[in-house]
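Below is one structure, written out as structure tokens; comments come after it.
Each value in this text was obtained by applying a stated rule to the coordinates, not by laboratory testing. The shown structure was predicted, so the numbers you read here are calculated from the model rather than taken from an experiment. Every residue, glycine among them, receives a Cβ derived from its backbone with ideal geometry; neighbour counts consider all protein chains shown.
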Amino acid sequence: MTLNIQSPPQVRLLPADYSTSKDRAEVVKSPLAQPYPKDLINRKTQDRANKFLAIGIDWLEINDISFEDRLDNWVNSADESEKTKRIEAKKRILEAKEYNAVMLYLSYLDLTDVPPVELPNLKLLYLTHNKLEHLSKGRFSELKSLEELYLHNNKIGNLYEGCFSELKSLKKLYLHKNKIGNLPDGCLDGLTLLRTISI
């Protein structure tokens with residue numbers, strides 16, 4: 001969940017002796033009165049200030065990790081034999097993000113899992129000649145402009161309902177030379193612009 005704070009919220013700060021959950025609940029339900037204490041924001045997390053709320057003497061951090069954190073988690077979840085390749089993939093993804101790229105080439109990296117990619121202007125994504133076995137639902141959710149997806153020469157055996165549903169701009173999908181039998185019902189739902197599919 002992302003909390004966007006356009007202007008400082010109004011909060012009522014609790015005195016230190018307001019410690020019971022009942023008292024806190026009453027304050028949370030009451031009208032908010034005092035201005036948000038900007039000086040309490042840790043300067044190191046200034047760019048993520050919209051993910052914090054001051055409620056009484058407590059701080060609540062919204063659990064929404066950054067894109068780079070998700071990439072790091074993806075890299076660190078690999079075994080040692082694949083980690084070097086994932087580090088290379090991460091480097092390419094971050095460079096593509098920096099330059100607002102329309103094409104991303106992640107082929108021939110022996111990847112076993114699709115990396116998180118948040119590139120809203122990306123139009124072509126190459127993930128060919130890897131070791132992908134499945135596609136997680138939601139993995140392509142940030143690729144709203146993607147028009148061509150190349151997934152051939154992998155080990156994909158199963159596709160799940162809705163695994164491509166976020167790709168509303170997709171026109172070409174290449175899945176040949178995988179282990180896919182028949183496309184399951186609902187696999188291509190929502191792909192109204194799709195013109196070419198290769199299995």
Exercise. Under 1.5 on a/c is rounded, so check that first for segment 119-189, then, if it is not, pick prolate when a/b is larger than b/c and oblate when it is not; a ≥ b ≥ c are the square roots of the alpha carbon gyration tensor eigenvalues.
Key: oblate
Quiz item: How many nm separate the modelled label positions at K172 and D69, each set 7 Å beyond the Cα in the direction of the Cβ?
Solution: 3.8
Practice problem: Just grab the label-to-label distance for N121 and I197, each label 7 Å out from Cα along the Cβ direction, in nm (one decimal). | Solution: 3.1
Quiz prompt | Overall form of segment 66-199 per C-alpha gyration tensor (a/c, 1.5; a/b vs b/c) | solution = oblate
Self-check item: Using θ = phi - 60° and Karplus 6.51 cos²θ - 1.76 cosθ + 1.60, couplings along segment 131-138 (whole Hz; Gly, Pro as x)
Solution: 10, 5, 10, 8, 10, 6, 5, x
Self-check item: Lys, Arg +1 and Asp, Glu -1 on Cβ, resulting dipole of segment 84-127 about Cα centre, debye, nearest 20
Solution: 40
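Suppose the chain between K91 and K179 were pulled fully straight at 0.36 nm per residue; how much longer would it get relative to their current alpha carbon spacing?
Length difference between fully extended and current span is 28.8 nm.
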Self-check item: Extension gain from K144 to E80, taking 0.36 nm per residue of separation minus the Cα-Cα distance
Solution: 19.8 nm
